[in-house]
Structure formats: C-alpha cells, structure tokens
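Encoded as structure tokens, the structure appears first; notes follow it.
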Amino acid sequence: MYSARAVRIPSLARAFANKPTVKPASPEFSSGPCKKRPGWTPEVIGRAAVGRSHRSKVGKAKLAEAIEETRRILEIPADYKIGIVPASDTGAIEMAMWSMLGARPVDVCYWESFGKGWMSDINSLNLKEVNEFKAGYGELPNLSETNPKNDIVFTFNGTTSGVRVPDTDWIAADREGITFNDATSAVFAMEVDWTKVDVTTYSWQKVLGGEGAHGMIVLSPKAVERLETFTPDRPLPKIFRMTKGGKLIEGIFKGATINTPSLVCVEDYLDSLRWADSVGGLKGLIGRSEANLKVLEDWVSKTKWASFLAKDEKTRSSTSVCLSLDLEADKIKKLVSMLDEEDVAYDIGAYRDAPPGLRIWCGATVDADDVAKLLPWIEWAYEEVA
C-alpha cells in the first residue's frame, strides 16, 4: 500500500510542477473561422447598415468600399475585376470552374483535401482532358510539369496540410491557358504575383478573421475574356452566372452582388481592412504571420518529438501550420482535448482527412506572444499523455 502511494504521489507532484501558469491571451487558433483581429469587440458591427437593402445607396457604397479597399491593400492591378460572391471560397472557386473550364485541357494540382475536392468536382464536369498532378500530405507535386497551353487549377496554400507553393515561377508569363488560384488561406499573409494568376478566390474568414458565407473572386483581363468568349456545355445555376448575353455583368464587380449579402458581415470585413492598415498594410500582415511561424520553427528545432508535416522548408505554410507529434493518434486527440479544456487552445487538431497531428493557425490576427505562450502547454500535455 505504501509502495503504490510512493510511486503515485511524486508523479502527481511532478505534473503540477510542470503545468504552466501563463495562458495565451486568446486561445483561438482555429483554421477557419479564424481569430478576430486584436482588439475586436461586437461594437464593430454597430456601424453596419442593418435593416437596409444592399441595393440602397448606403448598402452599395459599403460593398463598393469593400471591393476597392481589397484592391488597395492586396495591391491588385486596376484592370482586374473583384467581386463579392456567395458561399465563401467554395462558392467562388466553384463558380469559376463551372463557368470557365472546358475551353482547354485542364491540369489539376493538389496535395491535400480541398484541392482533391476540386479535382473530384472537375471530374464531374465531364471535360475532354483532365490531367492530375498530385502529392501526399506534406509534399508538393512537380508543378513545373504542368502545361502552359492548358488551364491550371491549384491551391496556393493547403489549409489542411500546411504546404504552400513557394512561388509562382512555375507559371509561364506567356501561358495560353488561364490559372485558377484557390488562395483562401494565403491572401493577406503571402505574396501573390497577380501577373501569374487569372482567377483568385478566397473568403473573409481566414487571414483577416472575418465572418463566413461570403466569397471573393478576382479576375484578370484574360479570365474576363474567357467568360465572354466561352459558353460551357452545361447549365449554370444563377449564383454561378457572371455573364449575360456574352458580356460580363459589370455590376457584380462594383458591389451589385448576385444574391443578398449580410451587411453585418460586410461591416466586419471593412473593420478588418481598416485594421490591416493600422499594422502596416500587406507588408505588416505578412510580417505578423511569418513572425508566428518563426516562433514555431524555433520551438520545433529543439523539440525532438515534434516536426512539421511539410517536408520542405520552402513549402512551409505561415498560416495553417501543421505539426506531426511522436504520439499515437488517440494520444494526440487526448492532448488536443486537454488544451481545449484548459482554455489554452481551441480547435488545433489536424483536419479529419489529414495525418494525426496539430494544426495551429498562425495568420495575421494571431499574436506571436500567444503562440509562444501556447508551446509550454503543448509540452505539458505531451508529457501527460505520452
């Protein structure tokens, strides 16, 4: 009896001694919807045009402001079109693929679950030629093997794998096809060369911590030309239609949305854009995200049982950072649950289709100090479950 107590009591004492006492100021490390910007309060939406039509003067003004402020902060060329569309990033990329694919062969590049989903949806369009370039979690396919004569569909940053394209040098400047860039967890945190992307989509809920349900679509002049000269051999739902009578519906790209947006969410997005200015615009946003990644890189370099899922440092995401732990899947799940119960970190388990591990959101709205304060808690929880 004495022997059993002698073993157990020191173990408990050691656990309490190692348990951290300082928690992150915010435990919100979800990869979507993501943490609100520092200092956000519900008072922000007090300026929303609630109870007003989105077609009213004030409603249209706010939607137009959201479009033009997006252009300014992301440094999008003046001749590119920007529209607010339904159904988050999913709606934006789907409307683009349904409306434009089929004019040329298509090269689809994917290395995680969402890109794989776009591949599945493209197959359902019954196109004549679809080429698959795929890699497993943690890796990239050989993007240089894509054909510049074909349309190319890719994900700039794999939200569920933590693997990003390191650059867009593999996209030909004189390409004949158009490029479809799902950049939902990249824009506002990574440099995008707009000369290399013809269709770019994202949602408000990622790097700026906005609300869900609304998507953004950015079209190059080449993409607009495709819309106006190509008619797909399939019916398009109303919420996918960007042309009428062979001409672009310009109103969509000036704030006359296809369906009714939430003006509360619009106001929240506008607040996020104002905050972006306060931290130095695009350069400041990228710097904040990269600083968060650096905290994790320094920690992983001295932690034997943790590693990045991304095999190549150049492809390591600075937003959806995915880590592998030297633990069985059930123990990782327990670790994640412990941190949630301690109100230290919410929603940091790996995506359901990804290898077991952690996925820690490090977008621009997250403070590096909070990432640093999270790490001793991960160490404590690891020791408890190992």
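The values are calculated or read from the model by the stated rules, or taken from the named source; none is laboratory data. This structure is a prediction, so every number in the text was calculated from the model and none was measured. Every residue, glycine among them, receives a Cβ derived from its backbone with ideal geometry; neighbour counts consider all protein chains shown. Calculation scope for accessible area: heavy atoms of the full protein, side chains included, ligands and nucleic acids excluded. Shrake-Rupley method; radii C 1.70, N 1.55, O 1.52, S 1.80 Å.
Structure notes:
- Of the cross-linked pairs 134/334; 60/247; 81/311, those separated by over 25 Å at the C-alpha level are 134/334; 81/311.
- At 0.890 mPa s and 25 °C, Stokes diffusion of the stretch 228-328 via Kirkwood alpha-carbon radius, µm² per second: 134
- The stretch 287-386: trypsin sites (Lys or Arg not before Pro) in DSSP coil with no more than 10 other Cβ atoms inside 10 Å: 302, 304, 352
- Cα-based helix-to-principal-axis angle, 88-100 vs the chain, degrees rounded to 10: 40
- Cα shape, the stretch 22-134, gyration tensor, a/c 1.5 rule: oblate
- The phi-based Karplus calculation (6.51 cos²θ - 1.76 cosθ + 1.60; θ = phi - 60°) puts the 3J(HN,Hα) values of the stretch 363-368 at x, 5, 7, 8, 8, 4 Hz, whole numbers, x for Gly and Pro.
- The calculated FRET efficiency for the pair residue 334 and residue 21, based on their C-beta separation and a Förster distance of 30 Å, comes to about 0.90.
- Accessible surface, the stretch 240-386, averaged per residue in Å² (probe 1.4 Å): 43
- Where the Cα pairs of the stretch 92-226 fall when distances are cut into 10 Å bins, in %: 13, 47, 36, 5
- Look at the dipole of the stretch 168-214 built from charges on Cβ: of 178, 204, 194, the Cα furthest out on the positive end belongs to 204.
- Between the listed residues 295, 272, 323, the Cα displaced farthest toward the positive end of the dipole of the stretch 234-386, a dipole computed from Cβ unit charges relative to the Cα centre, is found at 272.
- Cα long-axis angle, helix 281-301 against the chain (0 to 90 degrees, to the nearest 10): 30
- Kirkwood Rh, Cα atoms: Rg over Rh of the chain: 1.02
- Placing +1 on each Lys and Arg Cβ and -1 on each Asp and Glu Cβ, with no other charges, gives the stretch 130-255 a dipole about its Cα centre of roughly 580 debye.
- Three principal axis extents of the stretch 139-182 based on alpha-carbon atoms, in descending order, are 30, 17, 13 Å.
- Each residue of the stretch 373-386 was assigned a 3J(HN,Hα) from its phi angle through the Karplus curve 6.51 cos²θ - 1.76 cosθ + 1.60 (θ = phi - 60°); the sequence is 6, 6, 4, x, 6, 4, 4, 4, 5, 4, 4, 5, 9, 4 Hz, with glycine and proline shown as x.
- Each Lys and Arg contributes +1 and each Asp and Glu -1, all at the Cβ; summed about the Cα centre of the stretch 234-386, the dipole is approximately 1300 debye.
- Hz values of 3J(HN,Hα) by residue in the stretch 117-125 - Karplus curve (6.51, -1.76, 1.60), Gly and Pro given as x: x, 5, 4, 4, 5, 5, 4, 6, 7
- Among the trypsin sites (Lys or Arg not before Pro) in the stretch 242-276, none sits in a DSSP loop with a Cβ that has at most 10 other Cβ atoms within 10 Å.
- Helix 2-18 axis, angle to the chain major axis (alpha carbon atoms, nearest 10°): 40
- Point-charge dipole on Cβ atoms (K/R +1, D/E -1) for the chain, about Cα centre, debye to 20: 780
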